[in-house]
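The values are calculated or read from the model by the stated rules, or taken from the named source; none is laboratory data. All of these numbers come straight from a predicted model, not from anything done at the bench. Here the Cβ positions follow ideal geometry from the backbone for every residue, glycine too, while neighbour counts run over all protein chains shown. The protein model used for the area step is the full one, side chains on, heavy atoms only, and it has no ligands, DNA or RNA in it. Shrake-Rupley method; radii C 1.70, N 1.55, O 1.52, S 1.80 Å.
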Amino acid sequence: MKQNVTFFIFLLLSLGAIAQNKTFVVGVNRPGAAVSPTMYGVFFEDINMGADGGIYAELVKNRSFEFFKPLMGWKVEQHNFREGAVLVLNRKEKNTANPRFLQITLDHNSKEDLSLTNEGFRGMGIKKGLRYDFSFLYATAAPGIKLYVELLDRDNKIMGATTVTLSASGTVWKKRAVSFVATQTEEKGRLRISFEGDGKIDLDMISLFPSDTWKGRKGGMRADMVQLLADMKPGFIRFPGGCIVEGFDLSQRYQWKKTIGPVEERQLIINRWNFEFPQRAAPDYFQTFGLGFFEYFQLAEDIGAEPLPILNCGMACQFNSAELVPLDQLDPYIQDALDLIEFANGPATSKWGKIRADMGHPQPFHLKMMGVGNENWGPQYLARLRLFQKAIKARYPEFKIIASSGTDPDGKRFEYLNDSLRKLKVDFIDEHYYRPPQWFFSNAARYDQYPRTQTKVFAGEYASHPKVAPEKKNNWLAALSEAAFLTGLERNADVVGMASYAPLFAHVDGWQWAPDLIWVDNLNVFGTPDYYVQKLFSLNKGTKIIPLTMDHKPVTGQDSLYASAVWDEPAKELVIKVVNALPKTQTVALSLEGLKKQRITGKVTRLQSDDLYRTNSIKTPRAVYPVETQLELSGKQPALQLAPYSFNIIRIPY
Ligand code: AHR
């Protein structure tokens, strides 16, 4: 594998030897098309334990006993074994969304007799001095039952505890909540509940949340993970997938209506990434929907991103069952789309707007766009898309529709869809590219010749996949190639209206797919080099394209240089982005058209590593990290020094 990269570098080097006296001519006085405020966004999918076990801060796995194996994640320990002391009951005739619960029979139990221990999602991340909120639903006829709630470290030492006594509730389910403080930090903690008393107790929704969630919301999200998103100032957030929108079959598709309202009423389903890759199987991966559509909209609002939901178009994943809804039975799917717009935007007096208001958000979420289908293709897709388009545009003419162009950015399937979708005048075509770094370098000019029509491109999922054993890594080569490619998107911001890297999150102990933008364990989070590329593009997106050429041509790989420029109107700054993909410093003269002065000052932010294989990690989160320096250029032809293998953002007040 390494040989491939060496050969590639050699090629770049030979190209680099050809040209000299490089000058970037920047048409500062000729601003072009606008850069959309939504240009750089993020794509969230519950893959790699991105939601459950990730950003959704619930620490108890299988809290409602609805996994295929009802006690998965739980360990039952009895010191005086009694048959039937722990039973799984199913009330599905009364409660289809959350049928199972646990019934525990206590026979003059003392604390030592019976306990349930939850292992968490690859352990529980516990922080010393932090308050933890424990809660559960229960029903019991016996008064005085006592629960001992304890956090255990990896050596079974207690590191935080509380007791809960219960009054009789009869057959009525009640919620009980209690908080306590952890005395130790532990990445692989567990939760043990022991019981004391006499009688029976029914239990459900056993839950533990840290109190340091994003915005301190109870039952909320991991603040450290959301913070990294907020820091990017993403223009939009695409959710909830990805393939999980499609489902293995239609029964497992993502249905947003089942993800709103009280969490105990949200019906869990298997996560398709549970079994999709046998080599990375995750038998305990389910979607509890504690993070549902209301929370996605709220997250978008919190971080200032436009919400971009993707809905199932009546097709299951075409790599799996490829089930289709007959066209004459598509109405409920289309209705879901129309109802979602009402849920997000409708007045609190409307049916779906009221549900949003009851959940605590009377104001609208200002939803403006929606994806119909994820990676769907073929005439069967077009037939379904047309019906969605007709119904949505009839009711909401300004609403933007994003259509899929399949799984690949080229080939017959892509060409057929690209052509047909343009004829259909969809607002955005969603292109996906998971390709090797070489593809990203050599496609920096991909959009230079694209048609300039009302149909724009949405680069909805992309990532450079270097071939590094044993798994594809987020190394500097991958990130550098993405930066080179993104200069091409920026130069063509009149064609490409939105772009998002994929997937967003991965847990170091629970991932299925790599590379990914942000990695976490139970206590830590770090951005990959790719993350910093995305962040730098987003924070420096500017407002208008500025022409930038070398020898009268856009800079798309000549001398292994890739460049673009924008004007940042509010900041009154010219922003130049340059990638030097050679292992040596390159000098480039800067000619700013119309600028008389010989002295250029400003700021350079540089992301650089001499080692293309360098990665960030939990232990070394900043091995590749942006460094800011002052820029001061003078002389007849002010020149930039571009470090080996570097991505540079140059901001010049103008
Ligand atoms: O991002 C991982 C998967 O890649 C997405 O679910 C799918 O859309 C794509 O194939």
* Within the set of pairs 6 or more residues apart or between chains, which connect a residue that is within 17 Å of Leu268 (Cβ to Cβ) inside segment 83-110 to a residue that is of a type in the set (Lys, Arg) and not in a loop (DSSP other than H, G, I, E, B) with Cβ atoms less than 6 Å apart? -> Val88/Arg100; Asn90/Arg100
* Among the residues of segment 252-285, which ones are more than 19 Å from the chain's Cα centre (by Cα) and among the hydroxyl-bearing types (Ser, Thr, Tyr)? -> none
* From the set of residues in segment 451-476 that are more than 15 Å from Tyr433 (Cα to Cα) and among the hydrophobic types (A, V, I, L, M, F, W, C), which is nearest to the chain's Cα centre (by Cα)? -> Trp476
* Asked: Could you give every pair whose Cβ atoms fall below 8 Å, whose first residue belongs to segment 317-328 and is assigned by TED's automatic domain parsing to the domain that holds Tyr254 and in contact (Cβ under 8 Å) with a residue 40 or more places away in the chain, and whose second residue is in a loop (DSSP other than H, G, I, E, B) and open to solvent by 50 Å² or more (accessible area, probe 1.4 Å), counting only separations of at least 6 or pairs across chains?
  -> Cys317/Phe248; Asn320/Phe248; Ser321/Phe248
* **In segment 597-654, the residues that are over 18 Å from Phe526 (Cβ atoms), assigned to a loop (DSSP other than H, G, I, E, B) and among the acidic types (Asp, Glu)** => Asp610
* Odd one out for Ser591 among (1) open to solvent by 20 Å² or more (accessible area, probe 1.4 Å); (2) in a strand (DSSP E or B); (3) at pLDDT 95 or above -> (3)
* **Residue that is farthest from the ligand (Cβ to nearest atom) [pool: residues in segment 362-374 that are out of contact with any helix residue (DSSP H, G or I) (no Cβ under 7 Å at 6 or more places or on another chain) and assigned to a loop (DSSP other than H, G, I, E, B)]** => Pro362
* Is at least one residue of segment 257-274 over 23 Å from Lys69 (Cβ atoms) and open to solvent by 30 Å² or more (accessible area, probe 1.4 Å)? -> yes
* Structure fact -> Those residues of segment 376-406 which are within 16 Å of the ligand (Cβ to nearest atom) and open to solvent by 20 Å² or more (accessible area, probe 1.4 Å) amount to Trp377
* Structure fact -> When segment 66-101 is checked residue by residue, the ones that are in contact with a Leu (Cβ under 9 Å, 6 or more places away or on another chain) and open to solvent by 80 Å² or more (accessible area, probe 1.4 Å) are Lys75, His79, Asn80, Arg82
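Rundown of residues vs (1) away from the ligand (no atom under 16 Å from the Cβ); (2) over 14 Å from the mean Cα position of the chain (by Cα); (3) part of a helix (DSSP H, G or I), yes/no style:
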| site | (1), (2), (3) |
| --- | --- |
| Lys215 | yes, yes, yes |
| Gly219 | yes, yes, no |
| Gln298 | yes, yes, yes |
| Leu308 | no, no, no |
| Gln318 | no, yes, no |
* Asked: Is it true that Phe180 is in contact (Cβ under 8 Å) with a residue 60 or more places away in the chain and surrounded by fewer than 23 Cβ atoms within 10 Å (Cβ to Cβ)?
  -> no
* To do: Could you list all residues from segment 221-271 that are among the charged types (D, E, K, R), in a strand (DSSP E or B) and away from the ligand (no atom under 16 Å from the Cβ)?
  => Arg222
* To do: Could you tell me which of the residues Val533, Val575 is in a strand (DSSP E or B) and open to solvent by less than 50 Å² (accessible area, probe 1.4 Å)?
  => Val575
* Condition test on Ala300, is it among the hydrophobic types (A, V, I, L, M, F, W, C), touching a strand residue (DSSP E or B) at 6+ places or on another chain (Cβ under 6 Å), free of Cβ contacts under 8 Å to residues at least 60 places away in the same chain and open to solvent by less than 30 Å² (accessible area, probe 1.4 Å)? -> no
* segment 50-63 residues that are at positive phi, paired with ones that are at pLDDT below 95 (beta carbon under 7 Å, 6 or more apart) -> none
* Which residues, taken from segment 452-464, are in contact with a helix residue (DSSP H, G or I) (Cβ under 7 Å, 6 or more places away or on another chain) and open to solvent by 10 Å² or more (accessible area, probe 1.4 Å)? -> Thr453
* Enumeration of residues in segment 102-120 that are closer than 23 Å to Glu58 by Cβ and open to solvent by 20 Å² or more (accessible area, probe 1.4 Å) -> Gln103, Glu119
* Flag for Gly170 being among the small types (Gly, Ala, Ser) and either surrounded by 18 or more Cβ atoms within 10 Å (Cβ to Cβ) or assigned by TED's automatic domain parsing to the domain that holds Glu264 (or both) -> no
* Going through segment 335-375 one residue at a time, which ones are more than 20 Å from Tyr254 (Cα to Cα), basic (Lys, Arg) and either crowded, with 16+ Cβ neighbours inside 10 Å or in contact with a strand residue (DSSP E or B) (Cβ under 8 Å, 6 or more places away or on another chain) (or both)? -> Lys354, Lys368
* Asked: Taking interchain pairs and intrachain pairs at least six residues apart, which have beta carbon atoms under 8 angstrom, with the first residue in segment 330-352 and in the same structural domain as Ala383 (by TED's automatic domain parsing) and the second open to solvent by 50 Å² or more (accessible area, probe 1.4 Å) and of a type in the set (Phe, Trp, Tyr)?
  -> Ile341/Tyr396
